[in-house]
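Notes follow the structure.
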Amino acid sequence: MNPIYKLAEHVTYRSTNSELKMLFDRQRGVMYELNETASRIIELLDESPCSIDMLVQRLAEEYEVDLEDLRTDIERFLNDFVSAHLLTVIPSELVE
């Protein structure tokens, strides 16, 4: 089964003047400035939990990029943010 990713409960974000996102880890009191692609991933995860496949599909519709490179970048982003406790992984069978 594909894991599903969502924002951790203690994480919020807001848009900056340049339409990018600032991510706030309220648990640690840390703020992260995200680039355009990371900002879009956070928006999509805020709309609803997503698998890697779902994120690749949505971003491939919006950006002209190689799908393999896109998948690699998304996987790296998700792994980094899960390791930083900014995203939560849930089994797909638990998602409605």
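The values are calculated or read from the model by the stated rules, or taken from the named source; none is laboratory data. Bear in mind that the values here come from a model prediction, so they are computed numbers and not experimental data. Glycine also receives a Cβ, built like all others from the backbone with ideal geometry; neighbour counts cover every protein chain displayed. Accessible surface areas use protein heavy atoms only, side chains included; no ligands, DNA or RNA. Shrake-Rupley method; radii C 1.70, N 1.55, O 1.52, S 1.80 Å.
Observations
- Whole-Hz couplings from phi, Karplus 6.51/-1.76/1.60, listed for region 29-42; x for Gly and Pro: x, 10, 10, 10, 9, 9, 7, 4, 5, 4, 4, 5, 4, 5
- Taking the chain as a Gaussian network of alpha-carbon nodes connected by springs under 10 Å, the highest mean-square fluctuation of the residues Val82, Val30, Val56 belongs to Val30.
- Heavy-atom accessible surface of the chain, averaged per residue, reaches 63 Å², computed with a 1.4 Å probe.
- Top of Asp25, Asp66, Asp46 by mean-square fluctuation, Gaussian network on the chain, Cα under 10 Å: Asp66
- Kirkwood hydrodynamic radius of the chain, from inverse mean 1/r over distinct Cα pairs, in Å: 13.7
- Of the whole protein surface, Arg26 contributes about 140 Å² of accessible area at a 1.4 Å probe radius.
- Computed [θ] at 222 nm, helices only, for the chain once each DSSP H run of length n ≥ 4 contributes -39500 (n - 2.57): -13500 deg cm²/dmol
- Pair Thr37, Glu9: separation of 7 Å Cα→Cβ label points (nm): 3.2
- Separation in nanometres of the label points that stand 7 Å from Cα toward Cβ, at Arg26 and Ala84: 1.9
- Once backbone amide H atoms are built at 1.01 Å from N, Tyr13 has Phe24 as its partners under 5 Å, excluding neighbours fewer than 5 places away on the same chain.
- Under 5 Å, built H, 5+ apart or other chain: amide partners of Ala8: Leu87, Thr88
- Candidates Glu43, Glu75, Glu19: whichever shows maximal mean-square fluctuation once the chain is modelled as a Gaussian network with Cα springs under 10 Å: Glu19
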